[in-house]
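Asker: Please find one structure pasted underneath; my questions will follow.
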Amino acid sequence: MALNWKSYNPGDFYDELMLGPGKPRRSARALVKYLGSLTNKEWHQRKDSVAAAIKTMGISFTVYSEAGNIDREWPFDIIPRIITSSEWDKTSQGLEQRLRALNCFINDIYNDGKILKDKVVPRDLIMDSGNYRKICKGIKPLHDVWAHVCGTDLIRGDDGEFYVLEDNLRVPSGVSYMLENRNVTKRVFPELFENYDIIPNTEYPSYLFDTLADISPEPKDYPEVVVLTPGIYNSAYFEHSFLAQRMGAELVQGSDLVVEDDHVFMKTIKGLSLVDVVYRRIDDLFLDPQVFNKDSMLGVPGLVRAWLKGNVGLANAPGAGVADDKVVYTYVPEIIKYYLDEDPILPNVPSYICSDKKQCQHVLENLDKLVVKPANESGGYGMLMGPQASKKEREAFARKIKANPRNYMAQPLISLSTAPILGDRNVEPRHIDLRPFILQGSKSYVTPGGLTRVAMVQGSYVVNSSQGGGSKDTWIVED
Amino acid sequence: MLSSVAERVYWLGRYMERAESSARLLDVYSSMLFDIPRGSNINWGLLLDITGSYENFQSTGNMDSEINVVRFLVTDTENASSIISSLKMLRENARTTREVIPSEAWEQINVMYLQTREAIAGGVSRKVRQELFAEIIADCQRLGGLLRSSMAHNTAYTFIQIGNVLERADMTSRIVDVGSISLLPAFARARKSDAAMQETYENVVWMNILRSVGGYQSYRQNVANRVQGEGVVRFLLQDDEFPKAVNFCLNFISNYLEKLPNHDDVQLAVDRVKRITAEANVFHLLESGLLEYIDELQISLADIHSEISRVWFGYDPDAVVPVKVPMPKRTEVKSKARVVKKKA
């Protein structure tokens, strides 16, 4: 028995590959035809070889649980998602525009504060933000860039348009999985690449290195770039190691670095050796026990001081997270207009800010229809999915909002588009989102496509890998 | 190169060799026990002595029967020097140095661990064991070849090689120790009525030892036609062409040390072991018993390790590093078989 596309029904949702049961989109025709030509036995074999490839390649992530940390194999669905290049070009420009504006915003916040004086963004909102770092006041990093690496989450609504769900400007992760997904697909479905011209995404590590080299305090051909990881048991250690390997950079832990005379050095077999740029994958608060969390064992004492004195490049810069606060997010369209005098290419998802009394009232009255998110959490933690929550859960959440309205924003439950996954018996629709990665140094770069995350449970919207989400290879193909 | 990374790849090299030579050691010991007369007092407990795990084993409260000892040395995840633990730590050190080793090497190590774990899930009967050991030995050899031909011969490679060969020297000294069972009175008693028979059995032991390090042919070609204790021990300690001989390993390490900065102190430690190896009076040692000599040799090999750590790894007790366990020294407490030493 082959796959039965005729029984595939995404309902009212926008589906990435199918127009309706048995009717593929133009860009997906060859793929759907090919998958349909495989026998039951064949696609089971492919599924097994994906599992084997992921196991062999050791593509894993760590899940924290009470029973200890478990290294899990990366969950991957073998049917790729296809986006046409004409659609993507516009999205890509929108992402680049957004990061440019956000960097202007951060730089302004820590320097002249014009946007606050002009009351486009309320001053309190920034000063009360858990991600505002006083110590960064008056600093101007090279190229005026604070967020060098950004992962922006996009969703596609019923109308087929991409909307920005959130920006991740601190330590966005997932790019290594985007790259490995392509490698797995190449191993398992080499035939597919005969019928499609897929824009390669393998260049990312080179662009990342160039972006990091751009912020070396002294221009050098080969500046010493290191990737700073919280450690070998961190959930994203695989990615840290992967990126260091692909960039040819050293992978270090805090204990490998020391600061002397306000310069950063790493401990090598020859003694201390100067470090030019630190790509840190540690949160601000753990970066330097002398400045932030005093108990942090992960960071490097003196690192922030060395950065403030301009002796080392730090990506992303401390304090960059002030712009990925979920409440600040609601102002991004204004921020783009303010700094760039351009219309935003990519729309936000409509949102309500709880610090605004009227909007907060609306949120409290419509908790059963809204998704409420805390300003500073990531990974899907601490949010309320109103329509699915019980009355008791909603009441408890209402109390939290009233106690600290600044900390919350809400959005209507936007439907996420679907894409087919290979289930046990047939293709089935699942909700997905997309996280492209954007780089900014002296130049900008946007990954062609990004990491498509899949809610593996039928009907679910939860795509986070820390909560059991899966992923797909994402193809940008010529129309 | 980062000190912490150097340390991990050095341990990668050590665990890779440890897994292989443990498999060899267990393999030869198993097959030797099949050759030895049943009346003899040679038992599985002796293997615990040689691997330095007697004390740890005792804490399990188990009898030193074949199945218990083999399980402990092969599949016991609580035993830090079991084969599965060695493979696990090999994998852990590779996982945390993926940025400096070829990805094929990582994949091979990863698969080796996963497959072994699967293979031993159903127990380790004599039949399963034989195949398992052959598989592990072949996998480690393949990995060695892969590194040699696809990894840049850079500093990381140098540390892998040094760790690998230092571990090999240590394991060779333990394998020589297996030979000392041929000196045990219990063994002699089993066939004391027949001197010729005893010699035959002694030679069976030494031949198995040579086979375990793949040195039988080389020995026959370069040393002597007859396999006997003195020749084999001299070969395994002092030969400078056979890759598993202690002396060969030491020369190999010396050559690689040249590539590293500030190597003088480590070189001195290597030279000390070279003297101990060169000056061994093997004939005399076989008369008086090998135990003390092997102890001295292993302690001086451990000194090389201490110097390497001190000079290059800048040991920081607070740093989070993958688990690493030096091969335990042979235990003070000896099993029954070992108590009487002198040749009858």
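Asker: Let me know the charge dipole size of segment A:401-479 about its Cα centre in debye, to the nearest 20, where only the beta-carbon of Lys, Arg (+1) and Asp, Glu (-1) is charged.
Answerer: 460 debye
Asker: With label points built 7 Å along Cα→Cβ from the Cα atoms of residue B:128 and residue A:467, find their separation and express it in nm.
Answerer: 4.2 nm
Asker: Continuing with this model, one more query. Evaluate peptide B:141-151: per residue, the Cβ atoms of other protein chains within 10 Å of its Cβ; return the mean as an integer.
Answerer: Average neighbour count from other chains, rounded to a whole number: 0.
Asker: Which value, in debye to the nearest 20, describes the size of the charge dipole of the protein assembly as shown about its Cα centre when Lys and Arg Cβ atoms bear +1, Asp and Glu Cβ atoms bear -1, and nothing else is charged?
Answerer: It comes to approximately 1740 debye.
Asker: Here is a follow-up. So what's the net charge close to residue A:349: Lys and Arg +1, Asp and Glu -1, counting the other residues with Cβ under 13 Å from its Cβ?
Answerer: Net local charge, residue A:349 excluded: -4.
Asker: Let me ask something else about it. Within 10 Å of each Cβ in peptide B:91-103, how many partner chain Cβ atoms are there on average? Round it to a whole number, please.
Answerer: 4
Asker: Tell me, in nm to one decimal, what length is gained between residue B:118 and residue B:104 on full extension, where the rule is 0.36 nm per residue of separation less the Cα-Cα distance?
Answerer: 3.0 nm
Asker: If the only charges are +1 at each Lys and Arg Cβ and -1 at each Asp and Glu Cβ, what is the size of the charge dipole of segment A:352-412 around the Cα centre, to the nearest 20 debye?
Answerer: Its charge dipole is roughly 160 debye.
Asker: If you take the charge dipole of segment A:352-412 about its Cα centre, with +1 on Lys and Arg Cβ and -1 on Asp and Glu Cβ, which of A:384, A:403, A:367 is farthest toward its positive end?
Answerer: Going by the charge dipole, the pick is A:403.
Asker: Kindly write out, for segment A:258-265 in residue order, the coupling ³J(HN,Hα) from the Karplus curve 6.51 cos²θ - 1.76 cosθ + 1.60 (θ = phi - 60°), rounded to whole Hz, with x marking Gly and Pro.
Answerer: Per residue, the Karplus-derived 3J(HN,Hα) values read 9, 10, 10, 6, 6, 10, 9, 10 Hz.
Asker: Would you count, across segment A:342-479, every pair of lysines whose alpha carbons are under 25 angstrom apart, provided the pair is eight or more residues apart or spans two chains?
Answerer: 24
Asker: Which distance in nm do the two modelled labels at residue A:55 and residue B:258 give, with both placed 7 Å along the Cα-to-Cβ direction?
Answerer: Taking the two extended label points, one gets 4.5 nm.
Asker: Related question: Using the basic label-point model (7 angstrom from Cα toward the beta carbon), what is the residue A:458 to residue A:260 distance in nanometres?
Answerer: Roughly 6.4 nm, to one decimal.
Asker: Turning to a different aspect of this structure: Could you run the Karplus curve 6.51 cos²θ - 1.76 cosθ + 1.60 with θ = phi - 60° over segment A:339-355 and give me ³J(HN,Hα) per residue in whole Hz, x for Gly and Pro?
Answerer: 8, 9, 6, 10, 7, x, 6, 9, x, 7, 6, x, 9, 10, 9, 6, 6
Asker: Need the full-extension length gain, residue A:398 to residue A:120, defined as separation in residues times 0.36 nm minus the C-alpha distance. One decimal, nm.
Answerer: In short, 97.2 nm is gained.
Asker: Over 31 Å between Cα atoms, which of A:117/A:220; A:23/A:186; A:267/B:88; A:220/A:294; A:309/A:337; A:134/A:337 qualify?
Answerer: Over 31 Å apart, Cα to Cα: A:117/A:220; A:220/A:294; A:309/A:337.
Asker: Of A:226, A:297, A:272, which is farthest on the positive side of the dipole of segment A:214-316, counting Cα position, with +1 on Lys and Arg Cβ, -1 on Asp and Glu Cβ, and the Cα centre as origin?
Answerer: Positive-end residue among those listed: A:297.
Asker: To continue, here is another question. Using only alpha carbon pairs under 8 Å that are at least six residues apart, calculate the relative contact order of chain A and give it in whole percent.
Answerer: Result for chain A is 23 percent.
Asker: If you don't mind, there's one more thing I want to ask. Given the peptides A:435-441, B:144-150, arrange them by the average over their residues of other C-beta atoms within 10 Å, most packed first.
Answerer: A:435-441, B:144-150
Asker: Over the whole of A:266-277, what's the average partner chain Cβ count within 10 Å per residue? Rounded to a whole number, please.
Answerer: Counting Cβ atoms of other protein chains within 10 Å of each residue's Cβ and averaging gives 4.
Asker: Relative contact order, percent, of segment A:352-412 when contacts are C-alpha pairs under 8 Å separated by at least 6 residues?
Answerer: 48 percent
Asker: I've got another one for you. Apply the Karplus curve 6.51 cos²θ - 1.76 cosθ + 1.60, θ = phi - 60°, to the phi angles in segment A:179-187 and return the couplings in whole Hz, x for Gly and Pro.
Answerer: Per residue, the Karplus-derived 3J(HN,Hα) values read 6, 5, 4, 5, 4, 5, 4, 4, 5 Hz.
Asker: Sticking with this one: Less than 18 Å from a label point 7 Å out along the Cα-to-Cβ axis of residue A:45: which backbone N atoms in segment A:179-218 qualify, by residue?
Answerer: A:185-193
Asker: Output needed: Cys residues of chain A lacking any neighbouring Cys C-beta below 4.7 Å, sorted by number.
Answerer: Cys with no partner Cβ under 4.7 Å: A:104, A:136, A:150.
A short reminder: the numbers here are calculations on the coordinates, not readings from a lab. Keep in mind it's a predicted model, so treat the numbers as computed, not measured. FYI the Cβ positions are ideal-geometry reconstructions off the backbone, even for glycines, and counts take in every protein chain you see.
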